[in-house]
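What follows draws every value from the coordinates through simple rules; no lab data is involved. Source: prediction; values computed, not measured. Every residue, glycine as well, gets a Cβ built from its backbone with ideal geometry; the counts of neighbours run over all protein chains shown.
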Amino acid sequence: MTFKLGTRGSPLALVQAHATRDALAKAHGIDPATIEIVMIKTTGDRVQDRALAEIGGKALWTKELDRALCAHEIDAAVHSMKDVETVRPTEIRIAAMLPRADVRDRLVGIASLADLPRDGVVGTSSPRRAAQVLSHRPDARIVLFRGNVDTRLAKLAAGEVDATLLAAAGLERLGRHEVGTALSIDTLLPAPSQGAVGIEVRAEDAAALAFVRAIDHAPTHQAVRAERGFLAALGADCHSPVGALATIDGDVLTLRAQLLAQDGSAQVVDSASGAIDDIDLPRTLAETMLARAPESVAKLFAR
């Protein structure tokens, strides 16, 4: 019987789907050909001229895959976890995550933010990246930049912008190791779940859940769960500039976070450490940060 793995059709999404298929085949000692990759076109792929926040947010990457999964057209769906809404349908469960890739952002077009020309133009569709760039370079001009990696690089090469930012994980998965300069997490704290690939199944499908769970990378899953818990406690959405990164050392999880005003003029940075399974840690950190956030930051989060 063929196991059907749903995915978006972008080059990066297909690379991630093939990596998932290969991991499943290896874990179960089966022929990869018994796992079919099913491409599903999403609204986020079709609409490229507007920011996601203006046309429905992260659900634009997931709703068609959710529908196909719930309709039994596919048995599992592969997602970039940073594109998955914090609150998911009760019918769907995150069964596994692949080992996390590089969490950093890469700056493309210039070597550092200090090298951006005065009043230079940076292309990005991410409120987080825009606010972080502006916090370092208030003179920068931000323009909407969407599309896959090649589309964005072509716009940069055509001189539409001076620089852009791309996830290091995506570039590496596409074999584009030479593109851009990785920025330290102290310069740009990544988006929650950046670099993580998750696989979802129907909650009641015990067979699919067991099949997929065999490839779950626990440290990635634990870290991403904390980051998503932080987002949920904030009431953050696609308009909210927020960075968060959980790291695990032994049995201790440390969550670093950053909340920003949209124009980068104000920010709150904090961290907390505790047990890996401490479900209160993300919520407590979120509440602490919101309590001392200036109005320009706090108004961006639904408390």
Taking amide H atoms as placed 1.01 Å from N in the peptide plane, list the residues 5 or more away in sequence, or in a different chain, whose amide H sits under 5 Å from that of Arg100.
Thr220
Round to a whole angstrom and tell me the spacing of the C-alpha centers of region 1-27 and region 77-143.
24 Å
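Rank these for me by crowding, Glu295, Glu287, going from fewest to most other beta carbons within 10 Å.
On the way: Glu295 9, Glu287 13.
Sorted ascending by nearby Cβ count, the order is Glu295, Glu287.
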Provide, in order from the shortest bin, the percent of all Cα-Cα pairs of region 121-258 in each 10 Å bin, continuing until the bin that contains the maximum pair distance.
10, 33, 35, 17, 5, 0
If you average the C-alpha positions of region 252-303 and of region 166-232 separately, how far apart do those two centres end up, in angstrom?
20 Å
Using a 7 Å offset from the Cα along the Cα-to-Cβ direction at both Thr151 and Asp139, what is the distance between the two label points in nm, to one decimal?
3.2 nm
What percent does the relative contact order of region 231-298 come to when contacts are Cα pairs within less than 8 Å and at least six residues apart?
30 percent
Go through Val224, Ala207, Pro11 and say which Cα lies farthest out towards the positive end of the charge dipole of the chain; charges sit on Cβ, +1 for Lys and Arg, -1 for Asp and Glu.
Pro11
